[in-house]
Structures are given as C-alpha cells and as structure tokens.
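The values are calculated or read from the model by the stated rules, or taken from the named source; none is laboratory data. As the structure is a prediction and not an experimental result, all values here were calculated from the model. Note: ideal-geometry Cβ built from the backbone for every residue, glycine included; neighbour counts use all protein chains shown. Each accessible area value is taken on the protein alone, full model and side chains, heavy atoms only, with ligands, DNA and RNA left out. Shrake-Rupley method; radii C 1.70, N 1.55, O 1.52, S 1.80 Å.
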Amino acid sequence: MYWLLTMISQKKHNSTLTKTMNTSNLTESSTVVAELEGTLLKDPDPFPYFMLAAFERSFGLIRFTILLLLWPILRFFELIGRPDLSLRIMAFVVLSGIKKTDIEAISRAVLPKFMYDDVDMAAWSVYSAYKRRIVVTSWPRVMVETFAKNHLNADVVIGSELEMRQPGYVTGFIKKDMPIMERVMELFEGDNMPDLGMGRSETVQSFLTLCQEQLNPPFAMNIEHPQHRLEPVIFHDGRLVCRPTPLTSLFIIMWIPIGLVVAVIRITVGLTVPIWIIPHIAPFFGGAVIIRGQPPPPVATSNKNGGVLFVCTHRTLMDPVVLATILGRKVTAVTYSLSRFSELLSPIPTVRLSRDRIADAEKITELLSDGDLVVCPEGTTCREPFLLRFSALFAELTDRIVPVATNYRVKLFHPTTARKSKAMDPIFFFMDPNPVYEVTFLNQLPTEETCGAGKNAHDVANYVQRMLAATLGFECTNFTRKDKYRVLAGTDGTVNAKPIKSSNWIGWVKEVVGFLLH
C-alpha cells in the first residue's frame, strides 16, 4: 500500500515538472511556499554556511578545523538518509556557547553574500511572481531569516529553532518542534491553502502536499510575469572570499601558516626597499600591480599652488600605499579610521581626520600646501561593484583634482572588515596567495569642471564619482559610511581612541592592545 501511494505521489510530482505555470492571473492573496535549500538556493548542503559561521566567531579557526574533520561523518549521515543528525552536529559544533546576537550579526553581515550568489534565478522568477511569500527551511531560522526577508522578500520564514540559556546564549541544540507541514498549516485558515509549493522531491510528503500546485527543481524561467529584481548585496563582511566547501576549507587551513610567513616576508621587504621598486618586484612575491593611464609628474617645490589631490575609490586600506608605490614617492594619505598597528606598518605618512568639517578642511588645505595628497571621499571601503556617495569636501578645497580608480583581486581572504580587528586588514591582504591591485589614472579635472569655475561642490563630487564608476564598470549609490556600519556592525562606524584607565596590569595590557588594534 505504501509503495502504491509513493508511486501515485511520484506520478503527481513528475506531472508538475512539465506543467507550465500560469502566473498572469495572480491576485493579492496568491501565496507561494518555497523551500530554501535545494530550491531557492541551488545547493542544499548547509555545510559551507556553518563553516562560514565557524570562521567568524571567537576561536573560529578551531571550530572551523573541527567541523572539517567531522565532514566524513556528516556525509555518512546524509548518505544513510539522516541529514537531520548531520545538521544537529554542525549546529552544536559551531553555535554552542555563542550569543544569539552574534549569530544574528553573522547572518546579517556574512552569510547573505554567499546565499545571494547561490540563488536559482529560474526558481526566483517563479517565486517572485507571487504576492505573499513563505520560505521554509530545516536550517536554523536565525541563520537565514535576514537574507530571506531582505533579499528574497519573504513575509514569513519557518525554520529550526535553537535552544537558549540565560542570558541570551545558545546551547547549540535544535529544539524539537512541530513538523514543518503543521507550522505551515497554522498560517492558513479553513480551506485557504497555498497556491504553489516549491521544493525538492524528497519533501513532497511534507508541506508540498498542502499546496494546490507543486513545482520541483529544475525550474523553467517564468516569462509570463515581469521579473522582480533580486535585491543585491552591497555590504557584506567576513574574511573568506571563497565558498568554504570541504576541499576549499582544507586548502585554507593548510595555507594559513604558510600565508603568515609569506605576509611577514612581503611586509618586511615592502618596508625596507625603496618605495618605487615595489610594483616591479611584486610578481616575484606572488602579487601584481596593474597600472593604466599616465601618473602625473611630481609638483615642483617652488609651486605656490600646492600639490595635487588624488581622489581614489576606496577598496582596501592599501589604496593610498599602492598609489604611492606607483608614483614613486611618499604621498600623504588622510584617513578616518586606521588602526594604530596599520599606521605603524604604513610606508607613507597618514593623517587622521576628525569628522569635524571645518577642522578637516583646514588640515587638508595645510597638507596640500606642502605637497600631493591622497583622499578617499567614500569614507569607507566597499567590496562589491558599487561606489558609495562621495563627500564633497575635497572639491571645495582645490581645483587640482586627479581621479584614480583602484580595484583589487584576492583569492582567499578579504583585507577589510567592519566587525573584526582592522589591524589584521594588511595581514590578511599579504597572506593571500595572489593579491592583485589595479590602478587607473584619469586625466586631471578640467578647470571648467571644478568649483573654481563656479561649479557646486556636490556636483563636482558626483561628477568624479560617475567618472570613476564608469572606468571600473561599477554602479553609483547614495549609501554612506553610516549605512554600511549600520548594516554590518550596528554602529555608525566612528572609531575613537580610548584613554587607558585600568590600574590592574592585565586590564592595562588589554586596553593597550585594544587601542593598537582598534
């Protein structure tokens, strides 16, 4: 009897694969219930996401390694049809003892980028046509809810819940809850069931049976309904560049001790050789500096008009340093928040701005009177192909503006962070096997395009932003530093030096280290 029911269900399932979805008659009450893993996301395996979470939490490398060592066992449970046991083990190893707020921070800042890259656009084209959207998953809800609501526009997210202990810490155990089918049923009254269910064939006996129609992957692109744009991920954090599959994770673990040695060698050489020689010797150390355009010659010391202001896109803290190596001279860079450790490693002079517009304007004017200067008017880095809003302050202070488009490529580690220690930014950059920097010099702004010709400072800043975006193939935005840090860290991005107050020597050491690494 069971075999017969299974055959009937499978026959029903197969018929839905070839059925053409008619989304032209959808109403305001049209509802879709879609499975996240293996449906909206192409990869059903939660392992890479738990590896990402492990790497980003405290003592992350230890948990990262332990979880990788357990992968054969996890895989075995999946092969014998017990993926639930595999999920519970991953949740315990990675999430035990962590604050719920820390999980929420990781799910908000780190995971969405990798989920976004894995979205099945054919599934999205069908799912996005419905007015009410419900996402179901066997993964912990807290890990996926931000992405599902902010990018998939889900109204409700149903997933596993984690056990908590006071005050706000997660035990790592997954609660025993009602089956997903019953939790979906609670969202509907009477005979008002979901219009469409989207999920894998192995979930056909669950919530899909509640739906009037069923679709299983692979999906066909929906061409009958205007496709909604999938909300892009503009801001994201986390150190790992690659999706940490088992093989990639093994390589990362093996590379880290080698990478630390490589980083020390690269930094030592960079601080000891003449600055102009660095672009030429970079290939011998696994890196590369790609130069496009013609760098302007140095300004004569007798020039009373002051130096040139190089206006750069801000990709990493290395932007001014790489620019200086190409120019062959130590050009001063102004920054908003640079760790003391990074200042010590910097081969060029750095000057901190205070975010007081009048004081910063006086400081920049004084520095320009002494020579060339580098400024990144975005005020913070952005990893994705977007440019943040440019501050107009630079346009008010000089007409000698040279736009410089900078970009970088790395294979393993991101050299920027909003949540972790910024002191590690240069270390992670130089740890990468093949860091590459691309620098494109644009022509100096014509006088008629500057404030000296009567142009508004904001118009000049927007013009420079558009020029640089077009050069890089990026998109201009109105987002600011505050927007980035509000999304990634829950702060406004301001970094203040804290006075050392503790009389206890252990506390004093912590304060000093914190002061150096902030």
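Brief remarks follow.
- C-alpha center-to-center spacing [segment 92-171, segment 298-373] in angstrom: 42
- For a paramagnetic label modelled on Ala470 (point 7 Å from Cα along Cα→Cβ), amide N atoms under 17 Å away belong, within segment 439-461, to 440-450, 459-461.
- Taking amide H as placed 1.01 Å from N in the peptide plane, Ala154 has its amide H under 5 Å from the amide H of Lys149, each at least 5 places away in sequence or on another chain.
- Stokes-Einstein D for segment 35-174, Kirkwood Rh over Cα pairs, 20 °C, 1.002 mPa s (µm²/s): 139
- Between Ile281 and Glu384, full extension at 0.36 nm per residue minus the direct alpha carbon distance yields a gain of 34.2 nm.
- Dipole magnitude (debye, nearest 20) for the chain, charges at Cβ of Lys, Arg, Asp, Glu: 1220
- Among the listed pairs Lys422/Lys482; Lys455/Lys482; Lys42/Lys411; Lys330/Lys420; Lys330/Lys363; Lys42/Lys175, those beyond 21 Å (Cα-Cα): Lys455/Lys482; Lys42/Lys411; Lys330/Lys420; Lys42/Lys175
- Beta bridge orientation in the chain: antiparallel %, DSSP, nearest 5: 25
- Backbone geometry of segment 322-333 corresponds, through the Karplus equation with coefficients 6.51, -1.76 and 1.60 at θ = phi - 60°, to 3J(HN,Hα) couplings of 4, 4, 5, 5, 6, 5, x, 8, 7, 8, 6, 10 Hz, x marking Gly and Pro.
- Excluding ligands, DNA and RNA, the accessible surface per residue across the chain is 48 Å² with a 1.4 Å probe.
- Within a straight-line Cα-Cα reach of under 15 Å, Lys99 can be paired with the following aspartates and glutamates, leaving aside sequence neighbours fewer than 8 residues apart in one chain: Glu56, Glu161, Glu163.
- Amide proton proximity set for Val110, modelled H, under 5 Å, gap of 5+: Asp237
- Degrees separating the helix 100-109 axis from the principal Cα axis of the chain, which is the longest one: 70
- Euclidean distance of C-alpha centroids, segment 246-284 and segment 415-449, integer Å: 16
- Apportionment of accessible area to carbon and sulfur, the chain, percent (1.4 Å): 58
- Simple label model, 7 Å out from Cα along Cβ direction - Ser369 to Arg329, nm: 1.9
- Angle between the chain longest axis and helix 60-69 axis [Cα atoms, degrees, rounded to 10]: 40
- Using the Cβ of Leu445 as centre and a radius below 11 Å, the other residues enclosed give a net charge of -1, where K and R count +1 and D and E count -1.
- Relative compactness, segment 249-361, computed as alpha-carbon Rg over 2.2 N^0.38 Å: 1.26
- Spacing of the two label points (7 Å from each Cα toward its C-beta) at Ile66 and Met193, in nm: 4.4
- Rg to Rh, two decimals, where the chain supplies the alpha carbon set and Rh follows Kirkwood: 1.03
- Inter-probe distance in nm under a simple model that places probes 7 Å from Cα toward Cβ, at Phe173 and Asn478: 5.1
- Net charge of Cβ neighbours under 12 Å - reference Asn456; Lys, Arg +1; Asp, Glu -1: -2
- Antiparallel bridge percentage (DSSP; both residues within segment 369-495; nearest 5): 75
- Calculated from the alpha-carbon coordinates, segment 370-478 shows an Rg and a Dmax of 15.6, 48 Å respectively.
- Angle in degrees between helix 357-370 and the longest Cα principal axis of the chain, rounded to the nearest 10: 50
- Computed FRET value (nearest 0.05) for Gln212 with Met164, which takes r as the C-beta separation and R₀ as 35 Å: 0.40
- Cut-off under 5 Å, modelled amide H: who pairs with Thr335 long-range: Val351, Arg352, Leu353
- Förster radius 22 Å - calculated FRET efficiency between Val299 and Glu343 (Cβ-Cβ, nearest 0.05): 0.30
- 3J(HN,Hα) along segment 379-384: x, 6, 7, 9, 7, 7 Hz, from the Karplus curve 6.51 cos²θ - 1.76 cosθ + 1.60 with θ = phi - 60°, whole Hz, x for Gly and Pro.
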